[in-house]
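First the structure, in the form of structure tokens, and then the observations on it.
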Amino acid sequence: MKVDLEALQALDAVIRHGGYAQAAAQLNKVSSALSYQIRKLEEQLRLPLLDRSGYRVRLTPEGEAVLAEGRRLLLQAGRIETLAEQLGSGWEARLLVVVDGILPLADTLQALKRLADEGVPTRVQLKIEFLGGVQYRFAKEGADLMLAKDYVPDPACRAQALDPVECVLCVAPSHPLAARDHPATLADLQAHVELTVQDSSERGGERNLFGGERVFHLSGFVAKRQALLMGMGFGWLPRYLADDHLADGSLCELAWEGGSRYRFTPWLVERLDRPPGRAGRRLVDLLSGRVDA
């Protein structure tokens, strides 16, 4: 390449500090070395960068344009050097995290925001999957971490339990099931459309199904909530998605003889064969509640 970053640095220093002597002192070089670098850059670019006719050197119009771009290059080069130092000190270049869409996304985003605020250099990619599709995607794409509802123990992974999440059986107040004066039976539920979430794995979707013939498979729990609000059918919702609607009456808790609520334990899973680096370790601490660790 014709552009020498050290020559650009010399040119920037001469203009910024008002002369060769001052710039040389800042860069810990001799003035003649700076002068040589700048003249060499002019020869390489075939452009006059400095006007040396006066008492003080100043930029030519060509020099102004070159230095403006050059300063952007110097800034980017500094960022690359800083990144290399950080990556060399244990920060991962990339971190892929797969999260189950049934879990509150705000918790994960808050943890990622904390990483960003701390200036972590690692590039984090977040993918949302559902149910069995989380572990399927984790294995298929070689992800580093996952937050899963349906975790099948794997000897190559380490898993830790997180706080339980409660789900509630919901239906719109306009739905026929909401008008019942006694808990619904399994047969009652099977006579109506059930709403569920389908994942991308071979295992299908939600496990807590009621076995009816009419089932609508939706792409996620937000879509499922919308379908419930429209009175399309009944189904389970995590409390964080349901509570406001239960409070304002736009959804009802559906009484069922088998119980209208259940809890599950999410799992935070990392690989044993590829342990997290500094960014992954920090994210594990944040997601598991050890925020100040």
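Quick one: go through the stretch 166-191 and flag any residue whose amide nitrogen is under 16 Å from the point 7 Å out along the Cα-to-Cβ line of ARG239.
166-170
How much of the DSSP beta bridge set in the stretch 165-263 is antiparallel, as a percent to the nearest 5?
Bridges in the stretch 165-263 are about 65 percent antiparallel.
Kindly put ILE15, ILE38 in sequence by how many other C-beta atoms sit within 10 Å of each C-beta, fewest to most.
Ranked by crowding around the Cβ, least crowded first: ILE15, ILE38.
Report the longest stretch of the chain that contains none of the GluC sites (Glu not before Pro) sitting in a DSSP loop with at most 16 other Cβ atoms within 10 Å.
1-117
Please give the helix 61-88 orientation as an angle from the longest Cα principal axis of the chain, in degrees from 0 to 90, rounded to the nearest 10.
With both axes taken from Cα atoms, the answer is about 50 degrees.
Expressed in nm², what is the orientationally averaged projection area of the convex hull enclosing the Cα positions of the stretch 165-263?
6.0 nm²
Looking only at THR185, THR122, THR60, which one moves most when the chain is put into a Gaussian network model with springs between Cα atoms under 10 Å?
THR60
What distance in nm separates the two pseudo spin-label positions at ARG274 and TYR55, each 7 Å out from Cα along the beta-carbon direction?
Taking the simple label geometry, ARG274 and TYR55 are separated by 6.4 nm.
Roughly speaking, what is the stretch gain from GLN125 to SER31, that is 0.36 nm per residue apart minus the C-alpha to C-alpha distance, in nm to one decimal?
Length gained, GLN125 through SER31: 29.1 nm.
State the extension gain, in nm to one decimal, for the chain segment bounded by ASP4 and GLN190, taking 0.36 nm per residue of separation less the distance between their alpha-carbons.
Value of the extension gain: 59.6 nm.
With the chain treated as a Gaussian network of Cα nodes joined by springs under 10 Å, which of TYR262, TYR55, TYR20 yields the largest mean-square fluctuation?
TYR55
Tell me, how many Å apart are the Cα centres for the stretch 249-293 and for the stretch 89-159?
11 Å
Simple spin-label model, 7 Å along Cα-to-Cβ: GLU257 to VAL222 in nm?
Rounded to a tenth, the inter-label distance reads 3.9 nm.
Compute the FRET efficiency between GLN22 and ALA77 as 1/(1 + (r/R0)^6), taking r as their Cβ-Cβ distance and R0 = 30 Å, and round to the nearest 0.05.
0.85
Could you state the orientation-averaged shadow area of the convex hull built on the Cα atoms of the stretch 1-137, in nm² to one decimal?
One quarter of the hull surface, i.e. the mean projection, equals 12.4 nm².
By how many degrees, between 0 and 90 and to the nearest 10, does the Cα long axis of helix 105-117 differ from the longest principal axis of the chain?
20 degrees
Would you mind calculating the gained length between THR265 and ALA159 on full extension (0.36 nm times residue separation, minus the Cα-Cα distance), in nm to one decimal?
That works out to 37.0 nm of additional length.
For n ≥ 4 DSSP H runs only, could you compute -39500 (n - 2.57) per run for the chain, divide by its residues and tell me the 222 nm figure to the nearest 500?
After summing the helix terms and dividing by the residues of the chain, the value is -12500 deg cm²/dmol.
Across the chain, what fraction of all alpha-carbon pairs, as a whole percent, falls in each successive 5 Å bin from zero upward?
Values per bin, smallest distances first: 1, 5, 10, 11, 10, 8, 7, 7, 6, 6, 5, 5, 5, 4, 4, 3, 2, 1, 0, 0.
Going by how many other beta carbons lie within 10 Å of each one, how would you line up ILE80, ILE102, fewest first?
Fewest-to-most Cβ neighbours within 10 Å comes out as ILE80, ILE102.
Given the chain, what percent of its DSSP beta bridges are antiparallel, to the nearest 5?
60 percent
Return the single residue from GLN226, GLN76, GLN26 with maximal mean-square fluctuation; model: Gaussian network over the chain, springs between Cα atoms under 10 Å.
GLN26
A short reminder: the numbers here are calculations on the coordinates, not readings from a lab. None of the values given here were measured: they were computed from a predicted structure. Every residue, glycine as well, gets a Cβ built from its backbone with ideal geometry; the counts of neighbours run over all protein chains shown.
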